[in-house]
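The values are calculated or read from the model by the stated rules, or taken from the named source; none is laboratory data. Every value quoted in this text rests on a predicted model; they were computed, and no experiment measured them. Methodologically, a virtual Cβ is constructed for each residue, glycine included, from the backbone with ideal geometry; neighbour enumeration extends over all protein chains shown. Just the protein is used for accessible areas: all its heavy atoms, side chains included, with ligands, DNA and RNA removed. Shrake-Rupley method; radii C 1.70, N 1.55, O 1.52, S 1.80 Å.
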Amino acid sequence: MENRAQWGTRAGFILAAVGSAIGLGNIWRFPAVAYENGGGAFFIPYLFALLTAGIPLLIMEFTIGHKYRGSAPLSFFRMSRKTEWIGWWGVLVAFVISTYYAVIIGWAISYSVFSFNLSWGDDTEGFLFSDYLQLSVNPGETGSLVPGVLIPLLIVWVITLGVLFKGVKKGIETANKIFIPTLVVLFMIIVIRALTLPGAAQGLQAFFEPNFSAIMDSSVWVAAYGQIFFSLSIAFAIMITYSSYLPKKSDITNNAFIAGFSNSGFELLAGIGVFAALGFMASQSGVPVNEVVSGGVGLAFVVFPQIINEFPALNGLFGFLFFLSLVLAGLSSLISISETYVAGISEKFGISRTKAVAFGGGTAAVISLLFATQGGLFFLDAADYFINQFGVAFVGLVEVVVIAWFLRKLNDFQSHANEISDIRLGTWWKVSLGLITPLVLGYMMFDLFKTNLA
Ligand code: PHE
Ligand code: NA
């Protein structure tokens, strides 16, 4: 315990936490979720969720890691012998996510190369599904590996596991110190270019136009909480693991605010960039913006290539920059998810980091091959659906209820965080975690089971 690895600098920790948070969720999930859930009016439930669940939970997870100085399972074990399983549950969710998150980063690597010649042609959808992914519903073929997807996937794992081998300071911290500033600069360039394209204003108008009646709809609030959880990487055991490497004297609360607001800032920037680009696309093709809106795989790998095709100049360069940002945002998140199980395994079985990376990372890499097959996209959709429905918010709910209601740890954690911080935790923090978050998440789960059983 005395030899526990530590971050070299405060900025190193913050960049790593922000690197985990900023990911595909900011770039392709947030813009579409906001648009579909009230546009400009979505910011009301979104900010509410950020301030009553996102940041309070981030503070709580940072406190847990900092106080108990262990990966998620060990920290939960030290909190109470009976709760180690909560840590493992988060680790399991993280493990599953890592297997398919890696594949998508691999696609982004391929597409950054395709950008140079705009290899995707005019039919970007056909290119993605038939030429690149070689998707097949024929049972005899669904299991065959697609070399074009496999090779970038292996590159992703070599980078990720290479970084983890090097350890917390030399590996994770150094990687994030390079990736995150680069990502922010690249993304700024892309957003500024998008904003100066014809039609950008219509795109932004579509994005920000508030539909205030949406706030009366409970599903919009559910969407806001879901986005905040996924986007801040909370309830995945990640933030507990990262904060377990903090030096004793660390301002937890302040760090959580910085990480939370940076992630949301980037998310807003992505929303502006994506919708400016969609506005441009709409103006080029003469269809209204709402007909070109999409999110997820379709946005990044079908619609964006079309937008890049239409660029007035330097198409290849902007395509490259866009996909490179996806790669950087994705890698820094994948590193954090994988560190979760590497740390968990290494502590549980008392094995070295090297062995834990080889064993844990190696297993994840092998499982991820499933998504590099001709049936890969179907498996990927299924895994993603399952995780989003039953993983994220569920672990979050259990975590908060056990800590706030059963173990009654909030007062204890509050004084721990307040020991070294210029922001003092008080009623806001305790009411958010003890009351608001459990009630909202509980309602979400109730709603989910109702719709799934009906
Ligand atoms: N927070 C990341 C994003 O917004 C996603 C993520 C999920 C990262 C799980 C790590 C673990 O894309
Ligand atoms: Na995020």
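Assess whether LEU439 counts as being open to solvent by 30 Å² or more (accessible area, probe 1.4 Å), part of a helix (DSSP H, G or I) and free of Cβ contacts under 8 Å to residues at least 12 places away in the same chain. Even if it seems obvious, please write down each step before you answer.
On the way: open to solvent by 30 Å² or more (accessible area, probe 1.4 Å): yes; part of a helix (DSSP H, G or I): yes; free of Cβ contacts under 8 Å to residues at least 12 places away in the same chain: yes.
For LEU439, the condition - open to solvent by 30 Å² or more (accessible area, probe 1.4 Å), part of a helix (DSSP H, G or I) and free of Cβ contacts under 8 Å to residues at least 12 places away in the same chain - is met.
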Considering only residues of segment 113-133 that are open to solvent by 30 Å² or more (accessible area, probe 1.4 Å) and polar (S, T, N, Q), which is farthest from PHE311 (Cα to Cα)? SER130
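Charged (D, E, K, R) and either under 14 Å from ALA102 (Cβ atoms) or within 16 Å of ligand 1 (Cβ to nearest atom) (or both): which single residue out of GLU310, GLU339 fits that description?
Details: GLU310 fails: either under 14 Å from ALA102 (Cβ atoms) or within 16 Å of ligand 1 (Cβ to nearest atom) (or both).
Exactly one residue qualifies, and that residue is GLU339.
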Could you please let me know if PHE318 is of a type outside the set (D, E, K, R), without any contact (Cβ under 8 Å) to a residue 40 or more places away in the chain and part of a helix (DSSP H, G or I)? no
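What do you reckon, is ILE345 within 16 Å of ligand 2 (Cβ to nearest atom), modelled with pLDDT of 95 or more and hydrophobic (A, V, I, L, M, F, W, C)?
On the way: within 16 Å of ligand 2 (Cβ to nearest atom): no; modelled with pLDDT of 95 or more: yes; hydrophobic (A, V, I, L, M, F, W, C): yes.
No.
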Please go through segment 64-111 and pick out each residue that is touching a residue at least 60 places away in the same chain (Cβ under 8 Å), farther than 29 Å from ASN254 by Cα and over 19 Å from the mean Cα position of the chain (by Cα). TYR111
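Does LEU92 count as assigned to a helix (DSSP H, G or I), open to solvent by 20 Å² or more (accessible area, probe 1.4 Å), away from ligand 2 (no atom under 15 Å from the Cβ) and modelled with pLDDT under 95? Steps first, please.
Working: assigned to a helix (DSSP H, G or I): yes; open to solvent by 20 Å² or more (accessible area, probe 1.4 Å): yes; away from ligand 2 (no atom under 15 Å from the Cβ): yes; modelled with pLDDT under 95: yes.
The answer is yes for LEU92.
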Would you mind finding the one in GLY350, GLY319, GLY362 that is away from ligand 1 (no atom under 15 Å from the Cβ), more than 24 Å from ALA235 (Cβ to Cβ) and buried (at least 21 other Cβ atoms within 10 Å of the Cβ)? GLY319
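Do the conditions hold for LEU164, that is, is it buried (at least 21 other Cβ atoms within 10 Å of the Cβ), assigned to a helix (DSSP H, G or I) and in contact with a Lys or Arg (Cβ under 8 Å, 6 or more places away or on another chain)?
Judged against the criteria, LEU164 is a match.
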Looking at (1) part of a helix (DSSP H, G or I); (2) open to solvent by 10 Å² or more (accessible area, probe 1.4 Å), can you tell me which one GLY143 breaks? (1)
Selection count, segment 289-310, where residues are free of Cβ contacts under 8 Å to residues at least 60 places away in the same chain and either surrounded by 21 or more Cβ atoms within 10 Å (Cβ to Cβ) or part of a loop (DSSP other than H, G, I, E, B) (or both): 3
Take the conditions in contact with a Leu (Cβ under 7 Å, 6 or more places away or on another chain), modelled with pLDDT under 95 and of a type in the set (A, V, I, L, M) and apply them to ALA32. Does it pass? yes
Going by what's in this entry, would PHE378 be described as part of a helix (DSSP H, G or I), in contact (Cβ under 8 Å) with a residue 24 or more places away in the chain and closer than 23 Å to PHE77 by Cβ? no
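Let's see how each residue does on (1) hydrophobic (A, V, I, L, M, F, W, C); (2) touching a residue at least 60 places away in the same chain (Cβ under 8 Å); (3) within 30 Å of GLY171 (Cα to Cα); (4) in a helix (DSSP H, G or I):
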position	(1), (2), (3), (4)
VAL342	yes, yes, yes, yes
SER368	no, yes, yes, yes
VAL395	yes, yes, yes, yes
VAL400	yes, yes, no, yes
SER421	no, yes, yes, no
GLY434	no, no, no, yes
MET445	yes, no, no, yes
Given GLY40, GLY70, which one is more than 19 Å from GLU339 (Cα to Cα) and more than 16 Å from ligand 2 (Cβ to nearest atom)? GLY40
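Right, VAL357: out of contact with any Cys (no Cβ under 9 Å at 6 or more places or on another chain), within 16 Å of ligand 1 (Cβ to nearest atom) and at pLDDT 95 or above or not?
On the way: out of contact with any Cys (no Cβ under 9 Å at 6 or more places or on another chain): yes; within 16 Å of ligand 1 (Cβ to nearest atom): no; at pLDDT 95 or above: yes.
In short, no.
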For PRO247, the lone unmet condition from (1) more than 16 Å from the chain's Cα centre (by Cα); (2) open to solvent by less than 10 Å² (accessible area, probe 1.4 Å) is (2)
Let me confirm something: among SER136, SER110, SER98, which residue is part of a helix (DSSP H, G or I) and either open to solvent by 30 Å² or more (accessible area, probe 1.4 Å) or over 16 Å from THR340 (Cβ atoms) (or both)? SER110
From the list ALA223, ALA235, ALA282, which residue is within 16 Å of ligand 2 (Cβ to nearest atom), surrounded by 18 or more Cβ atoms within 10 Å (Cβ to Cβ), touching a residue at least 12 places away in the same chain (Cβ under 8 Å) and over 12 Å from LEU58 (Cα atoms)? ALA223
I need every pair where a residue in segment 43-63 that is over 22 Å from GLY271 (Cα atoms) and among the hydroxyl-bearing types (Ser, Thr, Tyr) has its Cβ under 6 Å from the Cβ of a residue that is part of a helix (DSSP H, G or I) and open to solvent by less than 10 Å² (accessible area, probe 1.4 Å), sequence separation at least 6 or different chains. THR52/SER432; THR63/ILE252; THR63/PHE413; THR63/ALA417
Scan GLY273, GLY265 and give me the residue that is buried (at least 24 other Cβ atoms within 10 Å of the Cβ), on the phi < 0 side of the Ramachandran plot and within 16 Å of ligand 1 (Cβ to nearest atom). GLY273
